[in-house]
Amino acid sequence: DLLLVFAVSVLAMIALLLLLYRTSLGLPTRAVSQQPVAAQLCGIRLVRVNALTFVITGLLGGLAGALIGALLAAAAGLLALGFPAAPGVGAALVVTLWVWLSGGLHLDGLADTADAAAAGGDRSRHLAIMKDPRSGPAGVVAVVLLLLTKYAALASLLEAGRAASALLIAPIIGRALVVAAFLTTPYVRAGGLGDALAHQHSRSTCQAALGLSLLAILALGGTAGALSLLLAGACFGLWRRWNLRRLGGFTGDPAGALVETSEALVLIAGATLLR
């Protein structure tokens with residue numbers, strides 16, 4: 001299963017790269033991304049190209065989640081062989097690899113969101129705190145607690161030899177929920193990383209991506225996948241309600257917090273089913 005997921009992800013990424021650099025669709029797409037004004041003056045239709053860009057971005061996001069999951073599951077299997085009597089060591093190394101693969105981007109969003117939630121205030125204050133590159137006590141505590149949760153749940157899964165499926169589906173669920181956020185919740189930071197996606201996304205593309213993610217999660221996770229979806233759905237509902245009340249929508253930082261929290265819930269779901 002791991003080899004299949006890895007191979008499909010790599011082949012799909014290669015196909016997308018060939019689309020961008022070896023087809024007639026790729027040239028206008030790259031032109032718009034590099035020089036949008038010049039591209040428009042040359043007669044390139046920005047709306048059409050932006051729609052294609054969103055499709056490619058969505059596919060790459062989903063494939064990235066699957067690829068990260070496959071790498072984590074493979075690493076967990078190797079570490080279980082290397083440290084059969086010390087699942088805690090394997091769990092710590094897998095969590096470290098997880099953070100490295102994502103560049104810590106989602107953890108930064110979690111920290112900023114926790115700082116804003118702890119500070120209180122109105123919408124403008126929340127947005128200002130999230131934009132501040134410094135992390136406060138609430139943000140640091142939130143990151144530490146989340147990493148400890150991932151570590152503890154993963155150690156239990158490694159000890160039972162059941163870590164692979166949870167690690168495969170966790171990154172997929174996290175990124176699928178971000179797609180759901182763009183479908184259901186306004187993006188409120190003008191000029192932010194998600195601003196272009198928020199205005200150019202296709203609902204049908206998002207719905208198709210969610211449907212494929214759902215099938216992949218159920219196929220790879222089984223009962224644990226179904227429980228993970230229930231927990232992730234509840235998490236998304238609470239997340240959306242908080243963002244609408246405090247911000248009137250969401251930004252990249254709460255999206256990162258959503259990814260991290262949902263990934264931790266997947267591991268918790270897997271560990272819960274061990275009992």
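Output the residue which, of all residues in the range 97-119 that are in contact with a helix residue (DSSP H, G or I) (Cβ under 6 Å, 6 or more places away or on another chain) and among the charged types (D, E, K, R), is surrounded by the most Cβ atoms within 10 Å (Cβ to Cβ).
Step by step, filter the range 97-119, then rank; the result is 112.
Could you check the range 178-190 and list, in sequence order, the residues that are in a loop (DSSP other than H, G, I, E, B) and out of contact with any Asp or Glu (no Cβ under 9 Å at 6 or more places or on another chain)?
Listed by number, the residues that qualify are 185, 186, 188, 190.
Of the conditions (1) modelled with pLDDT of 90 or more; (2) in contact with a Gly (Cβ under 9 Å, 6 or more places away or on another chain); (3) surrounded by fewer than 20 Cβ atoms within 10 Å (Cβ to Cβ), residue 242 clears all except one; give me its number.
Evaluating residue 242 over (1) modelled with pLDDT of 90 or more; (2) in contact with a Gly (Cβ under 9 Å, 6 or more places away or on another chain); (3) surrounded by fewer than 20 Cβ atoms within 10 Å (Cβ to Cβ) leaves (2) as the failure.
Anything in the range 121-151 that is free of Cβ contacts under 8 Å to residues at least 40 places away in the same chain and either of a type in the set (Ser, Thr, Tyr) or farther than 15 Å from residue 257 by Cα (or both)? List them, or say none.
Selection gives 121, 122, 124, 125, 128, 132, 133, 134, 135, 136, 137, 148.
Could you list, in sequence order, the residues of the range 233-257 that are out of contact with any Lys or Arg (no Cβ under 9 Å at 6 or more places or on another chain) and of a type in the set (A, V, I, L, M)?
Residues satisfying the conditions are 234, 238, 244, 255, 257.
Is it the case that some residue within the range 104-120 is assigned to a helix (DSSP H, G or I) and without any contact (Cβ under 8 Å) to a residue 12 or more places away in the chain? Talk me through it step by step, then tell me what you get.
Our first condition is that a residue be assigned to a helix (DSSP H, G or I); within the range 104-120, this holds for 105-119.
Still in the running and without any contact (Cβ under 8 Å) to a residue 12 or more places away in the chain: none.
The answer is no, given that none of the residues of the range 104-120 is assigned to a helix (DSSP H, G or I) and without any contact (Cβ under 8 Å) to a residue 12 or more places away in the chain.
Return the pair list, or none, for Cβ contacts closer than 6 Å from residues in the range 225-247 that are over 16 Å from residue 266 (Cβ atoms) to residues that are assigned to a helix (DSSP H, G or I) and charged (D, E, K, R), at least 6 apart or on different chains.
247/123
Answer yes or no as to whether residue 129 is closer than 19 Å to residue 227 by Cβ and either touching a Ser or Thr at 6+ places or on another chain (Cβ under 7 Å) or modelled with pLDDT of 85 or more (or both).
Details: closer than 19 Å to residue 227 by Cβ: no; either touching a Ser or Thr at 6+ places or on another chain (Cβ under 7 Å) or modelled with pLDDT of 85 or more (or both): yes.
No; evaluated as a whole, the condition is false for this residue.
Taking into account only those residues within the range 129-177 that are basic (Lys, Arg) and not in a helix (DSSP H, G or I), which is surrounded by the most Cβ atoms within 10 Å (Cβ to Cβ)?
At the first step, the residues of the range 129-177 found to be basic (Lys, Arg) are 131, 134, 150, 162, 175.
Cutting the leftovers down to not in a helix (DSSP H, G or I) gives us 134, 162.
Details: 134: 9, 162: 15.
The extreme case among them is 162.
Do you know which of the residues in the range 245-275 that are part of a helix (DSSP H, G or I) and of a type in the set (Val, Ile, Thr) is modelled with the lowest pLDDT?
272
The values are calculated or read from the model by the stated rules, or taken from the named source; none is laboratory data. For clarity, every value in this text was computed on a predicted model and none was experimentally measured. Note: ideal-geometry Cβ built from the backbone for every residue, glycine included; neighbour counts use all protein chains shown.
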